[in-house]
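Trainee: Structure below; questions to follow.
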Amino acid sequence: MAFLADSLLSVKPSLTIAVTDKARALKAAGRDVIGLGAGEPDFDTPDNIKKAAVKAIDAGKTKYTAVDGIPELKAAIARKFKRENHLDYTASQIIVGTGGKQVIFNALAATLNPGDEVIVPAPFWVSYPDMVLLNRGTPVTVKTRLEDGFRLKPDALERAITPRTKWIILNSPSNPTGAAYTRAELKALTDVLAKHPHVWVLTDDMYEHLVYDDFVFSTPAEIEPRLYERTLTLNGVSKTYCMTGWRIGYAGGPEPLISAMATIQSQSTSNPCSIAQWAAVEALNGPQDFISTNNAVFRERRDLVVSMLNQAKGIQCPKPEGAFYVYPSCAGTMGRTAPSGKELANDEDFVTELLDAEGVAVVQGTAFGYAPAFRISYATKTEDLEEACRRIQRFCGNLG
Ligand SMILES: Cc1ncc(COP(=O)(O)O)c(C=O)c1O
């Protein structure tokens, strides 16, 4: 009898973390490496948030809390949902977890039975399909097209829905493409979903605030009230508030689902860190003006990277609406020969040879279910980005 669970057979460790680790190892060995793999802002957590954490420590707020979050944080989250998304969630409809990742995992663990299908548009955030598999569900990936800006089309959604569909996971702005749905595009999808009452919507709004050029963010339950009773609206402080290490994510949704998720959390990790919760209260209630300051930098970097990559031979890079990623196609380099003599057969070859030849670490599109392409995170110093793009141009220009 095998010792490890069968559910692990089809699950891989996160490829994005693998690339970051490889770049770190090369750097430690003395190589000049620019890592564009990490999915976190390079900005520090704002001071007011750090101070709130120190204050919480000094005040002895260092004990177990309610499993699903302190009332003060739930109140701040309820206000946030009302203020920014025009959604009403009471405290019993809100759960706080150790990062958005845990909240998504809990939702799937609370609802999936073997054979249940979860629709995941591709390219997707690496963890969705594997989390579905770990919870013995079946991921149904639906490939989007670069020409459609990597956005799911209503007819493709309609075709993917079966009687076994339990969830669709939507993520706008997207990791890895940065693509975001306009209100009209999202409405076209929610119109389809409204016709299928057995399908639940998990909307991952983690990058809500990271949108550029006056793009207006919207979320499914806000634009289609008929979906409110079967939507889990997920968000967190990691990206917007530069708090990836603090591990606070949250969601609003129907009370029976939230309560089931809290039961799972109570028997696994219990409450998220008490100090981080108090910091998150300050993040959500405190000044928000630093977000637009950070976004101005992100927008400038996006424009720089998109423009420089489109000048690289064989690369096609769409201009995304949000997040801090671009997702260029490297189809035009396939079959060409790298300086090592290796012929590029897929995007894994592309990223490996790019790292070896030029010391630039990016993540292969295969990790996100759409190839040949790669993901660049531009949450990195502008000078480094510029140098990395110059190296990518040189790498592509030198291919035989
Ligand atoms: C789309 C998306 N959802 C969720 C998460 C998880 O965020 P957290 O750090 O809050 O667990 C990430 C982090 O990379 C993400 O990119």
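The values are calculated or read from the model by the stated rules, or taken from the named source; none is laboratory data. This is a predicted model, so every value here is computed, not measured. Note: ideal-geometry Cβ built from the backbone for every residue, glycine included; neighbour counts use all protein chains shown. Ligands, DNA and RNA are excluded from the accessible area calculation, which covers all protein heavy atoms including side chains. Shrake-Rupley method; radii C 1.70, N 1.55, O 1.52, S 1.80 Å.
Trainee: Looking for whichever is over 18 Å from residue 205 (Cβ atoms) and buried (at least 24 other Cβ atoms within 10 Å of the Cβ) here; the options are 118, 132. Which one fits?
Mentor: So the residue among 118, 132 that is over 18 Å from residue 205 (Cβ atoms) and buried (at least 24 other Cβ atoms within 10 Å of the Cβ) is 132.
Trainee: Scan the stretch 85-128 for residues that are part of a strand (DSSP E or B) and within 14 Å of the ligand (Cβ to nearest atom) and jot them down.
Mentor: Matches in the stretch 85-128: 95, 96, 97, 120, 121, 122.
Trainee: Is it true that some residue in the stretch 372-380 is open to solvent by 50 Å² or more (accessible area, probe 1.4 Å) and among the aliphatic types (A, V, I, L, M)? It would help to see each step written out before you state the result.
Mentor: Within the stretch 372-380, the subset open to solvent by 50 Å² or more (accessible area, probe 1.4 Å) is none.
No, the stretch 372-380 contains no residue that is open to solvent by 50 Å² or more (accessible area, probe 1.4 Å) and among the aliphatic types (A, V, I, L, M).
Trainee: Please enumerate the residues belonging to the stretch 33-84 that are in a loop (DSSP other than H, G, I, E, B) and more than 25 Å from residue 382 (Cα to Cα).
Mentor: Taking the stretch 33-84 first, the residues in a loop (DSSP other than H, G, I, E, B) are 33, 36-46, 59-70.
59, 60, 61, 62, 63, 64, 65, 66, 67, 68, 69, 70, listed by residue number.
Trainee: Tell me yes or no: at least one residue of the stretch 350-359 is open to solvent by 40 Å² or more (accessible area, probe 1.4 Å) and in a loop (DSSP other than H, G, I, E, B).
Mentor: no
The rows are residues; the columns are (1) open to solvent by 90 Å² or more (accessible area, probe 1.4 Å); (2) more than 25 Å from residue 268 (Cβ to Cβ); (3) basic (Lys, Arg).
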| residue | (1), (2), (3) |
| --- | --- |
| 45 | no, yes, no |
| 60 | no, yes, no |
| 66 | no, no, no |
| 70 | no, no, no |
| 83 | yes, yes, yes |
| 86 | yes, yes, no |
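Trainee: Quick one: in the stretch 145-185, which of the residues that are among the aliphatic types (A, V, I, L, M), over 18 Å from the mean Cα position of the chain (by Cα) and open to solvent by less than 40 Å² (accessible area, probe 1.4 Å) is farthest from the ligand (Cβ to nearest atom)?
Mentor: That would be 161.
Trainee: Let me ask you something else. Considering only residues that are in contact with a Gly (Cβ under 8 Å, 6 or more places away or on another chain), open to solvent by less than 10 Å² (accessible area, probe 1.4 Å) and assigned to a loop (DSSP other than H, G, I, E, B), which ones fall in the stretch 213-242?
Mentor: Matches in the stretch 213-242: 237, 238.
Residue-by-condition table, conditions (1) without any contact (Cβ under 8 Å) to a residue 40 or more places away in the chain; (2) among the basic types (Lys, Arg):
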position: 27; (1), (2): yes, yes
position: 57; (1), (2): no, no
position: 65; (1), (2): no, no
position: 72; (1), (2): no, no
position: 80; (1), (2): no, yes
position: 94; (1), (2): no, no
position: 101; (1), (2): no, yes
position: 104; (1), (2): no, no
